[in-house]
Structure formats: C-alpha cells, structure tokens
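Undergrad: A single structure is presented below for examination.
The values are calculated or read from the model by the stated rules, or taken from the named source; none is laboratory data. Values in this document were obtained by computation on a predicted structure and should not be read as measured data. Heads up, the Cβs are rebuilt from the backbone with ideal geometry, glycines too, and the neighbour counts pull from every protein chain shown.
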Number of protein chains: 2
Amino acid sequence: MWELRGGEFSKVPDAEIIAVGSELLTHERVDTNSLFITEQLNALGVEVSRKLVVGDDRRRLTAAIRDALSNVEIVVLSGGLGPTEDDLTRDAVADALGRKLIFSQGICDQIEERFRRFQRKMAEINKRQAYLVEGADALENPRGTAPGQWIETNGETGGRIIMLLPGPPGELKPMFTDQCVPRLVRHLPPQVIRVRQFRVAGMGESDLDQLIAPVYTKYTNPATTILAGAGDIHVNLRARGETEEEVERLLNEVAPPIEELLGDRIYSRSGDSLEAVVGNLLRSSKTTLSVAESCTGGLFGQRITSIAGSSDYFLGGLIVYSDAMKTALLGVDPALIEAHTAVSEEVARAMAAGARSKTGSTYAISITCEAGPRSATAAAPGTVFLGFASEAGTDARKLHLPGDRNRIRNLAAQSALDFVRRKLMTT
Amino acid sequence: MWELRGGEFSKVPDAEIIAVGSELLTHERVDTNSLFITEQLNALGVEVSRKLVVGDDRRRLTAAIRDALSNVEIVVLSGGLGPTEDDLTRDAVADALGRKLIFSQGICDQIEERFRRFQRKMAEINKRQAYLVEGADALENPRGTAPGQWIETNGETGGRIIMLLPGPPGELKPMFTDQCVPRLVRHLPPQVIRVRQFRVAGMGESDLDQLIAPVYTKYTNPATTILAGAGDIHVNLRARGETEEEVERLLNEVAPPIEELLGDRIYSRSGDSLEAVVGNLLRSSKTTLSVAESCTGGLFGQRITSIAGSSDYFLGGLIVYSDAMKTALLGVDPALIEAHTAVSEEVARAMAAGARSKTGSTYAISITCEAGPRSATAAAPGTVFLGFASEAGTDARKLHLPGDRNRIRNLAAQSALDFVRRKLMTT
C-alpha cells in the first residue's frame, strides 16, 4: 500500500489540478489557484496535463478523482474542505480510493483552540474538518481551520500522490510552498530545471515570434514559450538536465542569440514588472517623475504607484480629461490646442513640460490620445502621443494602437512606461 | 443517428466546457472563454457541470470528449481549430465519435477567398481547416479562417450536441451568440428564465449573507447566488418556470424582502457598474466631478474614465503622492498636514476642496490612505479618509480596510465611488 513512501517516481510525473466548488462554475468566477500551483509544479519539472473545475457534487467529484488517478501521478485538489455539507472533497477522495474517513481528536482540538484564540466557540459542524482520509498526513493550516491532507498510494499503474488543499489562496499558497513542495521533491527523480525569462515591451506577439522563431524552433530543450499581454511579452526558456552545468550550457546556447535579436526591447531579465524597472532606474539615479494623463485618466499613475515605496521617486500627476483642464492645471496654451488639437505632438510636449514645472519633478511623461469609441477629437481612435520633459527639453512619440477603448488605454499606459524606461537609459 | 435533429431534449440538459490548448496549462494563462459560454448557457437555463482544460494532446483530448459525452448532453469545445499540427480538436472529436473527417471544397474556397481579400495567399497548411467531422454543420466565422462545427448525435444515454468553436474570443463570441444559441434554443424544453440582480457596495460578503440568508435559503426557485469582488457584491436571483407570469410571481415573492434589507446599499438593479451609476447621476444632474488621489495614485480616475463619454462629467484630477504635492498642486496648508498628518479627516477635506477649486468642478472627491506595507505615515495600513467637496462645504468618511496594498487601494477607490454615489443621491 505504501511503496511510494520515501521512494522516487520512476519518471518525472505529470499532474492534474482539480478545483472544487460550484461557485467556480458561474460566469463571474475563475479558478486562479491553479496558476499558482502550475508555477510551483513547473519549477520542479512537473507538467500539468489537465485542469478541471467540478461543482460540489460527490458523485461527479469522485468520478473525476478516479479518472485523474488513472491518468497522472499527482492529483492536486483545491477547495471543498470547509465545514458545510457542500464541502465534499474529503468524502470524494475517500470514495475514490475506497478508504474510510477517520476522525482525528488531535485536529479537532487544534480547530477548537483556534476558535478559542479568536474568542469564539467552535460550532459542532466544524468537526467535519477533523476527518482525515485513512492513511493521510494532515497538513497544518496556520491561516484557517481546514487542515490540508497529503496521501501517497499506489494506483494500478504506479505510485500516486494526492493533495487536498483549502480553497482560499491565502491558505493554499503557504501550505503548498511550505509543506507540499518539500515533500514532493523527495519523490522526484534528480533533475535540474532553470528558466531564463526575457520581458519585452514595444512589439507585437507575431512580430516577436517571427523574429526569434528561427532560433528557438531548433531546440526542444530548452523549451521556449511566449506569453503575450497588452504590449507586454514574456519569453520563457526552460531547460532541464541532470546537472547545473548541463542546464547552463543548454541555456547559454539559445538565450544569447535571442537576447541579441530582441536588443533593448528587453526591459527585464529578472521577472520585474515594467513599473518596477522604471522605479528602479529612477531610484538609482535619485531622480523623480510626474505624469500628465488625458485619455488614460490615471492608469499610468495607478501602475507606477502599485509598487510599494514608489513615493521615493513618483511625486504625483495631473489628470486632464478636458481641454480646459490642460490649460487650468498644466498651463497649456489654449492657442496651441486650437492650432494642433489636444491629440498632437505639440500638446503632448506642452503637457509634459507643464507637469514637470507644476510638480518640480526631474522628469515628466504625458499621454494624450483618442481612446474611442466616439472621436471627441479629430484623431482616429488609437492615435496616441506621448510627451517627455527633462532639463534638456521635451521629446515626443506618436503611436497607432489597435483595439477597443480598454485595450488602447492599457497599451498607451504600457507604451508610456516603456518610453520613460528608454529615456532614462539614454539620459 | 440523427434522432435529435429537430427534437427536444427530454429534460433541461447539462453542459461541459472543454478549453483546448497547451498554452492554457501554463501559469500565466487562464481560460476566460468559458465565462462567456457559461453566461450564455445559464441564460438558456443550461447548467455547466464541469469545465476542463486539456493540452494539445490527441489521446487525452479524445478521452476527455468521450468522458464528457457519457456525462452531459452538451459539450462545448473551444480552441484547437487552427491550421497547425498542434490543432487537434477536429481529429479528437472524430476519434471520440468514431467518425471520419471529410474535406469540404466549399469551406476551402471560403478560406482561400478570405486570404485573397487580405492580399495574401493561402498556405497549404490551412487546408486542414476545411475538414468537417462527418455529419457536422459548419458554423461560419466572419472574423477568422477556422469555421466552427455543430454536431448532433445520440449517445448511449440520449441525444448529444457537440460544438467546436475557435479559441480567439473575438471569433468565438459572435459565433456562439449568432449561430449556436438559436440552434440550441430549438432543442431545449420550453421554459422561461429570468434573472434579477442587485449590485451592492459598502458591505462585506459574510455580513451580506447573514443579512439576507434568512430570506433566500427558504427558496430553491429562484436560486440565489452571491458573488463578491473587492467591495462589490452581486446578488443574483434566477427563476425558472413555464410562463412569464409564473417566473415573475416567483421573483416578486423573494426579491422585495431582499431589496428592503439591502436598502440604499444597492447601487444597481440593471447590471451597471458603480462607475457607470455615478456617471449617470452626474450626467442627469448636469454636474461635474474631479478627484484628488493620494494612495490610490490614479485608480479612481482610471475607473471613472473607463466609461466612454465620461468627459461629459469628469473634468480631471490631481495625483498628490507626496505631502509637498498636496500643497503644491492642491493648496493644502502645510500646517494642516503637520498638525493632523496626511492621512486625516482634515487633510481629506482640504484635498477635496482644493481639487474642486483648482478644476472648477461641481463636486470633488479625495482619497488619502495608508496602503502599506511600510507605514509612511503614523496611520496603520488600511486607514482611509475620503473627502467630498461641494458648494455646501466639505464632508468626510473614515474607513478601516483589510488586506494587502493592492486590495486596500482597490477597496479605497470602490469606497470613494460609493461615497460619491451616496452624496449625489442626497444632494
């Protein structure tokens, strides 16, 4: 029954993630735990071959677990460990394995103690959470009442590991990292996995792919994946091998030519976000930034201040959604707007200069664009001007961005961050 | 073989959604098509009982389709209809049904014609997209090259419908709405479904549930679901019946007592977002708004301007991330900040008054808070003051918000929007 314990899988195992909960089958909810779990498993070299969402239905959940056990070596379940009758993960796993649920007085005492600490009395219903699947190890949950469970067994086709994790991400994440990963590592064949990532701004996915495909398609190890968001592309090279040296050699064969092709469009090699990279450049040069935003309405400011400690380098900004505000708050000459319209290079430069002068920042960036759908200006939706002001004067960029209002605004803010990055690297 | 055609399911069918694509099994990608499909199916009274994500693996995909067909009446597949060898949905559906793939010259001509329209030549590889599963109807795809497919068949346990839809949401959505929904309706037993939704701000999920559970738990029809985001809760009552009158009677029994309990915390009964509701109140009273943001750094401005046409009522704002900026841009007396700190009721009022005076707006809202994690001020992370200025003077609210930096910022912006709504309704 327990041959796996202490032993290794004979090959790198595959995993399936099952998210449990009827609320995850509504049109407003998406399972995000699986993204975290996938990242953690991938880092250990374990691939996720399926992801499933099942409602609070014992029969369906049991069938899904049986099915997963017949296909993969590792089954990770999240959710359904609460105290109510809808919380059926424990029962379904026991059903699928043909085992009993066994009451643990020790766990019950811990749950009761937790309630006492918060000056509350444990309800009778919470005793449900003190049942373990026969043979399971309890995983401690310092952030909640439901303990996790870790089960090692042998299926018809070899060793199996089943993890039962609580649904709330604040409970699941530390439990997985602190308790599941160390246990899992003991069962994995020795291998080294290293990922090298390039984050790229300022080019589209298909252009990027066309540029670097001639290099990466020649290799399956490292495996290359390209993930694209709004104006933000992550190129991941993942190499596996038996030794550190082998893996480094593999990466050093493929990464440098890709790096050379992408050049200064790479904004990060360390996983930092674009706003963090810009923040680090400002901090290390002891300079400050301000912003003047029209169509983006505060999006640039919101992104740059999403980094804790951004008050070290970001002073503030002006949201100038109307022409009158561009004059009232930034001192842009109305005649300039009249002559060139609000979406123009001239006004973008004047907005940046105005923000710099009003805030006293070292640098200022401005964004003026027509986001659509109705054109309030003469410009076509997607027309964007970025302005930049420094001691040396002003600079500007014109862009044509695709998509709907939301996408144009996101791309405009992203492009503005990248414009600041490029200016800071050459200034 | 085709008994279902023209006929109805004998009961309301269940559905399973299968998203196909290895990129959906990475840690950076989540399947969102299923949310749209779920919303559409639910509106027809069809429940989604499972959602699955499978990689580009013919054997696994075939097994998943077989499994789905043995469990539910409707199987919706998205993705895997492209021209490459990784696009295996057509092949897997044919395998699962034991049918052949049949080349359609008509579809091939359409694809070729589409390439010609864009001044490009169709690659040989695109011919793969002209194969239909034996017996399938092609679903036109005006936005892309891959046609969808609609299959009606009979499984061992009754009639089945299988839909093959393209992965890109811009192609999938119109195809589903325009072609799948009308076909599906013909096979559903006659029933009327109506949803009544209350959107609520300013209370937590558990408080709300405690308040209204005594009402809604007495009924299974309408079914009540509660979906909570950051400071934003949607209460959905979904009633089914045979006639419009029956459904209205069911809703009119449950909705009014819930509505009464929630009172003015309901901000929308029409599905409008909070920023849209605030916008409509401003537009209909022909008044204008401006904002002064500290910790939220532009998030309020970004939300209010996410609505097309918001320039009618939103003038602009000032992002004052440092104490010096509160003085420089808003004219807040430095002595006031010295005496009360930047996170105080006094400074919140002065910020709102400053924004109103600088922009000339009818009303102004201000947000000053300690978002953490490190406390730059004397206040504990989560302490928020909102200020409001109008012709009548200033008002303020103090809040203690839970969570990390990101959550505190989101809740602060949400609370500020709701504060404006409440002031506009009483002013």
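Undergrad: Considering only segment A:304-327, state which residues are outside any loop (DSSP other than H, G, I, E, B), in contact with a strand residue (DSSP E or B) (Cβ under 8 Å, 6 or more places away or on another chain) and not β-branched (Val, Ile, Thr). Walk me through how you get there before you give the answer.
TA: Within segment A:304-327, the first condition is being outside any loop (DSSP other than H, G, I, E, B), and the residues that meet it are A:304, A:310-312, A:314-320, A:323-327.
Then drop every residue that is not in contact with a strand residue (DSSP E or B) (Cβ under 8 Å, 6 or more places away or on another chain), which leaves A:304, A:314-320, A:324-326.
A:Phe314, A:Leu315, A:Gly316, A:Gly317, A:Leu318, A:Ala324, A:Met325, A:Lys326, listed by residue number.
Undergrad: Can you find even one residue in segment A:28-43 that is facing another protein chain (nearest Cβ under 8 Å), surrounded by fewer than 21 Cβ atoms within 10 Å (Cβ to Cβ) and more than 20 Å from B:Gly21 (Cβ to Cβ)?
TA: Yes, because at least one residue in segment A:28-43 is facing another protein chain (nearest Cβ under 8 Å), surrounded by fewer than 21 Cβ atoms within 10 Å (Cβ to Cβ) and more than 20 Å from B:Gly21 (Cβ to Cβ).
Undergrad: Next question, about the same structure. Tell me yes or no: at least one residue of segment A:304-313 is in contact (Cβ under 8 Å) with a residue 12 or more places away in the chain, away from every other protein chain (no Cβ under 12 Å) and not charged (D, E, K, R).
TA: The answer is no; no qualifying residue exists.
Undergrad: Restricted to segment A:82-106, and to residues that are surrounded by 15 or more Cβ atoms within 10 Å (Cβ to Cβ) and in contact with a strand residue (DSSP E or B) (Cβ under 6 Å, 6 or more places away or on another chain), which residue is farthest from A:Asn154 (Cα to Cα)?
TA: Residue satisfying both the conditions and the ranking: A:Ser104.
Undergrad: Give the number of residues within segment B:214-252 that are of a type in the set (A, V, I, L, M) and modelled with pLDDT under 90. Full working, then the answer.
TA: Step one: list which residues in segment B:214-252 are of a type in the set (A, V, I, L, M), which gives B:215, B:223, B:226-228, B:230, B:233, B:235, B:237, B:239, B:247, B:250-251.
Okay, now just the ones that are also modelled with pLDDT under 90, so B:223, B:226-228, B:230.
Residues that pass the stated criteria total 5.
Undergrad: Follow-up question, since we're still on this one. Is it the case, given these coordinates, that A:Pro214 is surrounded by fewer than 16 Cβ atoms within 10 Å (Cβ to Cβ), more than 26 Å from the chain's Cα centre (by Cα) and part of a helix (DSSP H, G or I)?
TA: It is true that A:Pro214 is surrounded by fewer than 16 Cβ atoms within 10 Å (Cβ to Cβ), more than 26 Å from the chain's Cα centre (by Cα) and part of a helix (DSSP H, G or I).
Undergrad: Is it the case that segment A:200-210 has a residue that's touching a Leu at 6+ places or on another chain (Cβ under 9 Å), of a type in the set (Ser, Thr, Tyr) and either farther than 30 Å from A:Val53 by Cα or modelled with pLDDT of 95 or more (or both)?
TA: no
Undergrad: If A:Leu227 meets every condition in (1) aliphatic (A, V, I, L, M); (2) buried (at least 18 other Cβ atoms within 10 Å of the Cβ); (3) not in a loop (DSSP other than H, G, I, E, B) apart from one, which number is that one?
TA: (2)
Undergrad: For segment B:318-332, state whether one or more residues are surrounded by fewer than 22 Cβ atoms within 10 Å (Cβ to Cβ), among the aliphatic types (A, V, I, L, M), within 11 Å of another protein chain (Cβ to nearest Cβ) and free of Cβ contacts under 8 Å to residues at least 60 places away in the same chain.
TA: Taking every residue of segment B:318-332 in turn, at least one turns out to be surrounded by fewer than 22 Cβ atoms within 10 Å (Cβ to Cβ), among the aliphatic types (A, V, I, L, M), within 11 Å of another protein chain (Cβ to nearest Cβ) and free of Cβ contacts under 8 Å to residues at least 60 places away in the same chain.
Undergrad: Is it true that some residue in segment B:103-115 is away from every other protein chain (no Cβ under 14 Å) and under 30 Å from A:Leu41 (Cβ atoms)?
TA: The answer is no, given that none of the residues of segment B:103-115 is away from every other protein chain (no Cβ under 14 Å) and under 30 Å from A:Leu41 (Cβ atoms).
Undergrad: Anything in segment B:288-303 that is outside any helix (DSSP H, G or I), crowded, with 24+ Cβ neighbours inside 10 Å and touching a residue at least 60 places away in the same chain (Cβ under 8 Å)? List them, or say none.
TA: At the first step, the residues of segment B:288-303 found to be outside any helix (DSSP H, G or I) are B:288-298.
Okay, now just the ones that are also crowded, with 24+ Cβ neighbours inside 10 Å, so B:289-298.
Residues satisfying the conditions are B:Leu289, B:Ser290, B:Val291, B:Ala292, B:Glu293, B:Ser294, B:Cys295, B:Thr296, B:Gly297.
Undergrad: Output yes when any residue across segment A:82-93 is over 29 Å from A:Asn126 (Cβ atoms), more than 8 Å from chain B (Cβ to nearest Cβ), in contact with a Lys or Arg (Cβ under 8 Å, 6 or more places away or on another chain) and of a type in the set (D, E, K, R), and no when none is.
TA: Filtering segment A:82-93 down to residues over 29 Å from A:Asn126 (Cβ atoms) leaves none.
No, segment A:82-93 contains no residue that is over 29 Å from A:Asn126 (Cβ atoms), more than 8 Å from chain B (Cβ to nearest Cβ), in contact with a Lys or Arg (Cβ under 8 Å, 6 or more places away or on another chain) and of a type in the set (D, E, K, R).
Undergrad: Here is a follow-up. State whether one or more residues within segment B:248-269 are of a type in the set (Ser, Thr, Tyr) and surrounded by fewer than 18 Cβ atoms within 10 Å (Cβ to Cβ).
TA: Within segment B:248-269, not a single residue is of a type in the set (Ser, Thr, Tyr) and surrounded by fewer than 18 Cβ atoms within 10 Å (Cβ to Cβ).
Undergrad: In this structure, is B:Ser285 among the small types (Gly, Ala, Ser), crowded, with 18+ Cβ neighbours inside 10 Å and touching a residue at least 60 places away in the same chain (Cβ under 8 Å)?
TA: When the stated conditions are applied, B:Ser285 does not pass them.
Undergrad: Further question: For segment A:353-368, check the following and say yes or no: at least one residue is in contact with a Lys or Arg (Cβ under 9 Å, 6 or more places away or on another chain), buried (at least 20 other Cβ atoms within 10 Å of the Cβ) and modelled with pLDDT under 95.
TA: Checked segment A:353-368: no residue is in contact with a Lys or Arg (Cβ under 9 Å, 6 or more places away or on another chain), buried (at least 20 other Cβ atoms within 10 Å of the Cβ) and modelled with pLDDT under 95.
Undergrad: Which residues, taken from segment A:223-274, are within 27 Å of A:Lys11 (Cβ to Cβ) and of a type in the set (Lys, Arg)?
TA: Hits for segment A:223-274 are A:Arg238, A:Arg240, A:Arg249.
Undergrad: Then there's this: Go through (1) within 14 Å of chain B (Cβ to nearest Cβ); (2) in contact (Cβ under 8 Å) with a residue 40 or more places away in the chain; (3) hydrophobic (A, V, I, L, M, F, W, C) for A:Val53 and report which single condition fails.
TA: (2)
Undergrad: Name the residue that is nearest to the chain's Cα centre (by Cα), counting only residues in segment B:278-302 that are at the interface with chain A (Cβ under 8 Å from one of its Cβ atoms) and not aliphatic (A, V, I, L, M).
TA: Per the criteria, the residue is B:Gln302.
Undergrad: Right, another one. Is it the case that some residue within segment B:369-392 is crowded, with 21+ Cβ neighbours inside 10 Å, within 14 Å of chain A (Cβ to nearest Cβ), among the aliphatic types (A, V, I, L, M) and not in a helix (DSSP H, G or I)?
TA: yes
Undergrad: Helices (runs of 4 or more DSSP H) wholly in segment A:103-200 with at least 2 residues that are under 22 Å from A:Ile37 (Cα atoms) - which ones?
TA: Output list reads A:169-175, A:181-185.
Undergrad: Among the listed residues A:Val30, A:Val54, A:Val72, identify the single one that is under 19 Å from A:Thr157 (Cβ atoms) and out of contact with any Phe, Trp or Tyr (no Cβ under 6 Å at 6 or more places or on another chain).
TA: Answer to the check: A:Val72.
Undergrad: Next question. What about B:Gly263, is it under 23 Å from B:Thr368 (Cα atoms), part of a helix (DSSP H, G or I), out of contact with any Leu (no Cβ under 7 Å at 6 or more places or on another chain) and without any contact (Cβ under 8 Å) to a residue 60 or more places away in the chain?
TA: The answer is no for B:Gly263.
Undergrad: Looking for something closer than 30 Å to A:Arg407 by Cβ and touching a Gly at 6+ places or on another chain (Cβ under 7 Å) - is there at least one such residue anywhere in segment A:254-267?
TA: Pass one, segment A:254-267, residues closer than 30 Å to A:Arg407 by Cβ: A:258-259, A:261-267.
Among the residues that remain, those that are also touching a Gly at 6+ places or on another chain (Cβ under 7 Å) are: A:265.
Looking through segment A:254-267, at least one residue is closer than 30 Å to A:Arg407 by Cβ and touching a Gly at 6+ places or on another chain (Cβ under 7 Å).
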